[in-house]
Amino acid sequence: MSTQINQYLIVGQKLDFGEFHDKLNNNDPLDPDAWLDDILDKYSDNAFKGIHHYNGLCVLYDGMNGEFVFIGRVIEKSGNHEMLNKILRLDGGSRDNLIEQTKAIVGELLSCQFKDVIDPEEIDVGVWFVTFIR
């Protein structure tokens, strides 16, 4: 079995892996993970391709370790087994406004597309740097 590693800069929401499952579980004894397959097929990023968004959002789903689920907008992504070898300034000047606008847009997209998972009152979009091993 091979391992893929990517680094991401994502504007989004970090969710607890277990709670994500609990909220979306459709309790179908014949196919309990059908909901998950549907979401992951649409929203998940691929380690080998460029950045993938569906309806403006991407899901980083830690199915290997069960440590996190991130839903948001990927700003930068490394290649497989590569590092983000860039200097990225996230504050100051026009970048502040861009980050705040992106956070607002991601918050709106989350409240529309993932209302079964995230209570609108609990939306807390942040800027995250994630090393994703899968």
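Quick look at the numbers
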item	result
Breaking point among (1) in contact with a strand residue (DSSP E or B) (Cβ under 9 Å, 6 or more places away or on another chain); (2) modelled with pLDDT under 85, for D16	(2)
Residue satisfying all of: in segment 86-132; outside any helix (DSSP H, G or I) and modelled with pLDDT under 80; surrounded by the most Cβ atoms within 10 Å (Cβ to Cβ) among these	L90
Scope segment 47-66; condition surrounded by 11 or more Cβ atoms within 10 Å (Cβ to Cβ) and more than 26 Å from L98 (Cβ to Cβ); matching residues	A47, Y61, D62, G63, M64, G66
Conditions (1) within 21 Å of S2 (Cβ to Cβ); (2) at pLDDT 90 or above; (3) among the small types (G, A, S): number failed by G56	(1)
Test result for L30, among the aliphatic types (A, V, I, L, M) and either at pLDDT 80 or above or loosely packed, with under 10 Cβ neighbours inside 10 Å (or both)	yes
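The values are calculated or read from the model by the stated rules, or taken from the named source; none is laboratory data. All values derive from a computational prediction rather than experimental measurement. No Cβ is skipped: glycine too gets one built from the backbone with ideal geometry, and neighbour counts run over all protein chains shown.
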